[in-house]
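Report on one structure; see the data block that follows.
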Amino acid sequence: MKLFYYLVLLVLLSSCNNNEGTKKIPLKTPVTDRIIENNVVNSSNKKFKSSLRPSQDLELHKVYIDTVQFIEYNTDFDYFFIEVKKGNDIAGLNTNSDNINFNRGDILEVKWKIDSIFIAGDGETLDFSEWLVNVKKIKDGNLSLFKKKYKKTIKFYTDKDNMSDWYKDLLYKNVEYYLANSKKELVKLHIQNTSPDEQLSYSIEDQERDGKLYTVLGLANDFENRTSIIQWLYFDQESKKLYEYDLANDKLIEFP
């Protein structure tokens with residue numbers, strides 16, 4: 001009992017001495033309705049929910065197999081996860097793997113299970129989430145097909161000096177995804193008929209619209225030192241959503 005109170009005292013002292021800069025960031029998970037019981041010690045007979053199978057009660061540690069569409073691999077939080085889409089639902093599968101190299105839109109077969117996680121914060125809280133067991137690609141998405149066809153680097157131009165490499169890479173990936181999936185005839189025409197002397201490019205600038213700050217991308221075709229704009233794109237820095245600019249109606253259309 002004395003040992004217990006001693007440990008409690010140490011925790012309290014440690015909490016008082018820590019400042020905001022040294023606190024561990026709590027685990028953020030990509031879905032919020034996947035768990036029906038928290039802090040369950042004896043959970044072998046409990047049923048769980050996942051947006052991968054929203055109408056089904058799931059068992060702890062049982063392996064399930066689903067066909068999904070890959071969205072992204074995220075390493076920003078305590079647990080790495082791949083974000084996938086099944087139908088209209090999005091789910092995150094936690095993973096210990098660092099060998100995730102799919103392109104957005106690839107069709108995957110995933111084996112996964114419900115297993116434990118520990119949420120950082122005021123003590124490690126036991127919780128349960130989806131865990132990736134195994135994954136394989138069964139079909140190339142449009143982005144993978146685009147990369148196989150268009151071998152050139154997409155150039156970009158910007159006057160922004162303080163842009164991080166991470167953000168540049170994020171914008172590049174969004175431009176690639178747009179080119180691979182655009183239904184605009186002018187965009188498809190420039191991709192299909194690019195000559196050896198032509199190269200796709202885009203400019204980067206900030207612009208405020210309706211009180212919101214966007215990164216504006218001027219998608220263009222470069223030929224003999226001349227640049228011809230093909231399409232304007234708006235990227236929301238907060239939501240990470242990409243929009244096509246409808247010039248005729250002066251409005252933004254979210255790109256799926």
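The values are calculated or read from the model by the stated rules, or taken from the named source; none is laboratory data. These numbers were taken from a predicted model, which means no experiment stands behind them. Note: ideal-geometry Cβ built from the backbone for every residue, glycine included; neighbour counts use all protein chains shown. The area values use the complete protein model at the heavy-atom level, side chains included, leaving out ligands, DNA and RNA. Shrake-Rupley method; radii C 1.70, N 1.55, O 1.52, S 1.80 Å.
Taking Cβ atoms as reference points and 13 Å as the exclusive limit, the residues near Tyr178 contribute a net charge of +3, counting Lys and Arg as +1 and Asp and Glu as -1. Each of the peptides 157-165, 184-192 was scored by the mean count of other Cβ atoms within 10 Å over its residues; in descending order, highest first, they stand as 184-192, 157-165. What region 132-256 shows is 61 Å² of accessible area per residue, with the surface traced by a 1.4 Å probe over protein heavy atoms.
Each peptide in 92-100, 148-156 gets a packing score, the mean of other Cβ atoms within 10 Å over its residues, and the list from highest to lowest is 92-100, 148-156.
Protection proxy ranking, highest mean first, for peptides 51-63, 72-84: 72-84, 51-63, where packing is the per-residue count of other beta-carbon atoms within 10 Å, averaged. Cross-link reach is defined here as a Cα-Cα straight distance under 20 Å, omitting same-chain residues fewer than 8 places apart; for Lys152 the lysines meeting it are Lys168, Lys173, Lys188. Surface composition of region 115-256: carbon plus sulfur atoms hold 47% of the accessible area, using a 1.4 angstrom probe and ignoring ligands, DNA and RNA. Between region 146-222 and region 55-132, the alpha-carbon centres lie 30 Å apart.
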